[in-house]
Each structure stands twice: as structure tokens, then as C-alpha cells.
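Let me begin by presenting the structure, written as C-alpha cells, before commenting on it.
The values are calculated or read from the model by the stated rules, or taken from the named source; none is laboratory data. Keep in mind the model is a prediction, meaning the values are calculated, not measured. All Cβ positions, even for glycine, are placed from backbone atoms using ideal geometry, and neighbour counts span all protein chains on display.
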Amino acid sequence: MTHVRVINPNTALAMTASIGRCARAVASPGTTVTAVSPAMGPESIESHYDEALAVPGVLAEVAAGEREGVDAYVIACFGDPGLDAARELAGGPVIGIAEAAMHAATLVGRSFSVVTTLSRTAGRAWELAHRYGFAALCKGVHACDVPVLALEEPPARKAVIELCAAALDRDGSDAIVLGCAGMADFCAEASRATGVPVIDGVGAATRFAESLVALGLRTSTRGEYARPLPKRYSGLLRDFTI
């Protein structure tokens, strides 16, 4: 049996529960999915400051998962916070939802558009598209300007779906990538409304993670993703000493 831990890097427990439901809905029979939030960190991630302060909590959850025998991890925030560091710690694969969603979008279309939350996060989405090699295929990043925690409110769903349709018209793209884990349960409805593939990174990352486990693949430890060198950490970070 494969155990995938889905880590919501913020501390909003209602959002974590929703993310867990979406991940379990697509997981294979025999795959156990647990969704967790760190004990420390921001209640939502909407800035570089938030993202930086979310990373220690993500790494603490990975460390706990390693002690518990977790097979693979999903980082369920579209900024993919702490992804590289988590890969240095984990024995199994670690997948970020932005990375997974962009990969999935290129498998079902020649181009995609991203629909995200606040305008200030658009730069991060573009940065990741460049990092993952998809900048030429990403035709636009569009913000609905709905805060992350407000995505639970009914008007948010309507705003996101309407923006998906507008993004397709504006960009001429073939698919939509949802740019926040809090949009995960909008996916099917948005796809029906627009008539194109709408990719939720939570589901895509969950399936990619369990597939890598089934293939016997894990993060290479040669070079950059080798285990961190042992050293002492001080102050608030003393528990992170390896």
C-alpha cells in the first residue's frame, strides 16, 4: 500500500480538509492519502514573506512523514514552497502542485493559461513556468483577486469559473491551470463550463506521486538533492538540526 502525504503549507484546517478530499477522490485503490497542515506558519500564503515562513512547517511535516514511513509527498500550495529542501529530506518523491499542474496541462494541450488568486502572486506563477520549462506554453496568468481564505465563499467559485472562460478567450490557450490549492474542488465544474481541460494541481500531483512510487522512482541524491550536510541549527530552528 502506498502512503501519500499531502501537505497544505498554510494552517487553515478547513482548506486542508478540502484538499484532502480532492486528493483522495483521484487516488488509486490501495493508496492512502493523509492531508496535514503544519503546526506553525501563516494562515494563508499570498506573499514572498508568507511563503518563506511556511517552509519550516512544510519541512517539519516531511520529517515527521519520514519517521512514519510515508512513501511520497505533495506540497499543496501553488508557489511550491520548500520543494527543493523537501526533496533533500524525503526518501520518496516530492511533487509540487504548480509543477504537476503545468506538466499535466502540456499533456492535454499545446498551451495553457493560469487562473490564480491575487494579482501580486502572478509573478511567482510566471517564475515557476520559466523554472519548469513551460514559459513558452503558458499564454497568460490571470488573477481573480479573491484572497485565498475567501475561496470557500460561494461568490469565489463563480468568479474563478468566469475568469477561466475569459482567460481562454484572451489567450487562445487549450487548457486552464488552477493557481491555488483552494480552487481544487472547482475543477470539474470549471471544465464543464469552459469545455476544456481544467487542471487542479492537487489531483495531478497526487497521481504523479503515487505513479513514481509504483515505478520505483525517487529523487536522485547525486548532487544538489543529496542529503543536507550535518550541522547545528540555533534558536527557533534548533529542532531542525540534522
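Computed quantities for the displayed model
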read-out	value
Test: residue in segment 80-90 that is of a type in the set (Asp, Glu) and touching a strand residue (DSSP E or B) at 6+ places or on another chain (Cβ under 6 Å)	yes
Given (1) touching a Ser or Thr at 6+ places or on another chain (Cβ under 8 Å); (2) in contact (Cβ under 8 Å) with a residue 60 or more places away in the chain, number of the condition GLY96 does not satisfy	(1)
Which listed residue, of GLY41, GLY79, GLY92, is in contact with a helix residue (DSSP H, G or I) (Cβ under 9 Å, 6 or more places away or on another chain), in a loop (DSSP other than H, G, I, E, B) and closer than 16 Å to HIS3 by Cα	GLY92
Only one of THR34, THR116 that is of a type in the set (Ser, Thr, Tyr) and buried (at least 21 other Cβ atoms within 10 Å of the Cβ)	THR116
Output for segment 64-84, where each listed residue is among the aliphatic types (A, V, I, L, M) and free of Cβ contacts under 8 Å to residues at least 60 places away in the same chain	ALA64, LEU83
Hits in segment 202-242 - residues which are of a type in the set (Val, Ile, Thr) and closer than 18 Å to ILE75 by Cβ	VAL202, THR206, VAL213, THR219
Test set (1) touching a residue at least 40 places away in the same chain (Cβ under 8 Å); (2) part of a helix (DSSP H, G or I) - GLY20 fails condition number	(1)
Where a residue in segment 213-242 is assigned to a loop (DSSP other than H, G, I, E, B) and its partner, wherever it lies, is of a type in the set (Phe, Trp, Tyr) and at pLDDT 95 or above, with Cβ under 6 Å and at least six apart	THR219/TYR225
In segment 60-71, the residues that are at negative phi and surrounded by fewer than 20 Cβ atoms within 10 Å (Cβ to Cβ)	ALA60, ALA63, ALA64, GLU66, ARG67, GLU68
Scope segment 151-186; condition in contact with a helix residue (DSSP H, G or I) (Cβ under 6 Å, 6 or more places away or on another chain) and part of a strand (DSSP E or B); matching residues	ALA175, ILE176, VAL177
In segment 109-121, the residues that are among the hydrophobic types (A, V, I, L, M, F, W, C) and under 18 Å from VAL198 (Cα atoms)	PHE112, VAL114, VAL115
Residue match in segment 112-134 (condition: part of a loop (DSSP other than H, G, I, E, B), out of contact with any Asp or Glu (no Cβ under 9 Å at 6 or more places or on another chain) and either over 16 Å from SER44 (Cβ atoms) or not charged (D, E, K, R) (or both))	yes
Cβ pairs under 9 Å, 6+ apart, first in segment 176-189 and without any contact (Cβ under 8 Å) to a residue 60 or more places away in the chain, second among the β-branched types (Val, Ile, Thr) and surrounded by fewer than 24 Cβ atoms within 10 Å (Cβ to Cβ)	PHE186/ILE161; GLU189/ILE161
VAL74 being more than 12 Å from ALA181 (Cβ to Cβ) and surrounded by 23 or more Cβ atoms within 10 Å (Cβ to Cβ)	no
Given (1) free of Cβ contacts under 8 Å to residues at least 40 places away in the same chain; (2) out of contact with any Phe, Trp or Tyr (no Cβ under 9 Å at 6 or more places or on another chain), number of the condition THR106 does not satisfy	(2)
